[in-house]
Amino acid sequence: MTKIDTSRPESVLPTPSHTVGPFYGYALPFPGGGDIAPVGHPDTITVQGYVYDGEGNPLPDALVELWGPGPDGRVPTTDGSMRRDPSTGGHLGRNGVQFTGWGRIQTDADGHWYARTLRPGARGRSAPYLSVCVFARGLLVHLFTRIYLPGDRAALAADPLLAGLAEERRDTLIAQDGGDGTYRFDIRLQGEGETVFLEFR
Amino acid sequence: MALTQQDIDQEIAAERAAYGKRIADGAPVEHQPRRDYAPYRSSVLRHPKQPPVAIDVAQDPELVELFSPAFGERDITEIDNDLTRHHRGEPIGERITVSGRLLDRDGRPVRGQLVEIWQANSAGRYAHRREQHDAPLDPNFTGVGRTLTDDSGHYRFTTVQPGPYPWRNHVNAWRPAHIHFSVFGSAFTQRLVTQMYFPNDPLFPYDPILQSVTDDAARQRLIATYDHGLSVPEFSLGYHWDLVLDGPNATWIEEGR
Ligand SMILES: [Fe+3]
């Protein structure tokens, strides 16, 4: 069953997802996982927020992955997000120079996460956004969402995803400007103010 | 009142019956678990109530989600895929070799992408600060591995057989032995985190996480096959497990790497 016969398309069926569970903490997060921006880059932004459950309690065991283009809108093709030391096996982390566009952050005991990355540029017909993938104990299939940055009203109004949403739902995808290049983006998994989650087809 | 295995068994049976009815009524096969699966209690407050908003990727080939983060040789070290060599001594347990292919829905190999695994030791204990199960830690086993898929999409790990472990979903809840997998595809839409199981585990019917995949054939795809050809003489037993990534990818974009 688990040797997939690729000669018959009807047998190439997807592997089901499972929860990341509670015990990934020593396996998936890595030092500097949220320090995506090259050191001292002028287009650096800080995004931060909380992940909440259906009762409004923060999740101390959620994992957030961010993926976005550079300020010029180009998709990075650079590896090295989790660079390792070949002699000790330890984590060297990013080299501080190259931009990989991808980061991984575990929420802390308060359910808070943050990342420093580069301000995403626009691509295609979309307003600029960061792609977000959320994992947690209790979440059998991860959730995709997007962080849009406030400011350019025309671009946000023309965005094909945002344009199709009712206003209060739309607002769950737009970060709040905290000044000085900082943005707040909370993720509500369930209930009042539930974040809009996405399904790609 | 404490939740018993019998309570959970009844809920699992009810979910299966509901799925059977959906299929009989003409609904499509469900390859993925539903996020709202009450027998797994942690899902109750952590699943969205609103349906996901669909994005038709054919409308815009520029979506950043149609591309994937890149990983390379400098993100791993040579022995990262041999979990028996991460400490000075040999870990306790039955050594196993786990290998297979990472494929997309068209059956094409996903090349050069990151595969991460983590697991309990042979006694069923994670090397994790929050793990409360009092089975022994193994000073020679951390249970974390990484590798990149090769040009034919193959990955390979050497590790030890993980033990089953108790958890607190209900009274006497035990997880069947499993290895957690995290994989990337050629598009971020194909991202997958899942768990691989071992054949013929008697705990399968009692586990609400495995049973959250209510489709029988889909659930079977989470179970590795014993593969004598992968067994290494005088060293390890071999298991084969292929992964097929769901989600659209940018089929019209030339692979740059
Ligand atoms: Fe586990």
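The values are calculated or read from the model by the stated rules, or taken from the named source; none is laboratory data. Predicted, not measured: the structure shown is a model, and the values here were computed from it. Neighbour counts run over all protein chains shown; Cβ positions are idealised from the backbone, glycine included. Remember, those area values only see protein heavy atoms, side chains included, never the ligands or the DNA or RNA. Shrake-Rupley method; radii C 1.70, N 1.55, O 1.52, S 1.80 Å.
Worth a mention:
- Note on A:V39 and B:D25: the model spin-label points, each 7 Å out from Cα along the C-beta direction, lie 6.0 nm apart.
- B:T225 versus A:Q98: modelled label distance in nm, points set 7 Å from Cα along the beta carbon direction: 3.8 nm
- Phi to ³J(HN,Hα) by Karplus 6.51 cos²θ - 1.76 cosθ + 1.60 over the range B:102-112, Hz, x for Gly, Pro: 9, 10, 9, 5, 8, x, 8, x, 9, 9, x
- Packing order of peptides A:91-103, A:15-27, highest average first: A:15-27, A:91-103 (average count of other Cβ atoms within 10 Å over each peptide's residues).
- Taking B:S186, A:S126 and ordering them by how much accessible surface each has at a 1.4 Å probe, largest first, produces B:S186, A:S126.
- Residue with peak Gaussian network fluctuation, chain B [Cα springs, cutoff 10 Å], from B:E65, B:E73, B:E11: B:E73
- Sites listed here are trypsin sites (Lys or Arg not before Pro) in the range B:83-133 whose DSSP assignment is loop and whose Cβ has at most 12 other Cβ atoms within 10 Å: B:R88, B:R129, B:R130.
- For chain B, the per residue solvent-accessible surface stands at 43 Å², with DNA, RNA and ligands left out and a 1.4 Å probe.
- Taking GluC sites (Glu not before Pro) in DSSP loop conformation with at most 13 other Cβ atoms inside 10 Å as exposed sites, chain A has its longest uninterrupted site-free stretch at A:56-191.
- Cβ-derived FRET efficiency at R0 30 Å, A:S7 paired with B:D201, nearest 0.05: 0.50
- Working note: Karplus 6.51/-1.76/1.60 with θ = phi - 60° gives the range A:60-77 the couplings x, 9, 9, 10, 10, 10, 10, 8, x, x, x, x, 7, x, 7, 7, x, 10 Hz, where Gly and Pro are set to x.
- Leading residue at positive end of dipole, chain B (Cβ point charges), from B:M1, B:V98, B:I76: B:M1
- Note on the range B:1-157: Cα-Cα pairs beyond 18 Å make up 76% of the total pair count.
- Approximate shape of the protein assembly as shown as ellipsoid semi-axes (Cα gyration tensor, √5λ), whole Å, largest first: 33, 26, 22
- Net charge dipole size for the range B:130-257 [Lys, Arg +1 and Asp, Glu -1 on Cβ; Debye, nearest 20]: 360 debye
- Assuming charge only on the beta carbon of Lys and Arg (+1) and of Asp and Glu (-1), the dipole of chain A about its Cα centre is about 700 debye to the nearest 20.
- Dipole size of the protein assembly as shown about its Cα centre, with +1 on Lys/Arg Cβ and -1 on Asp/Glu Cβ: approximately 200 debye, rounded to the nearest 20.
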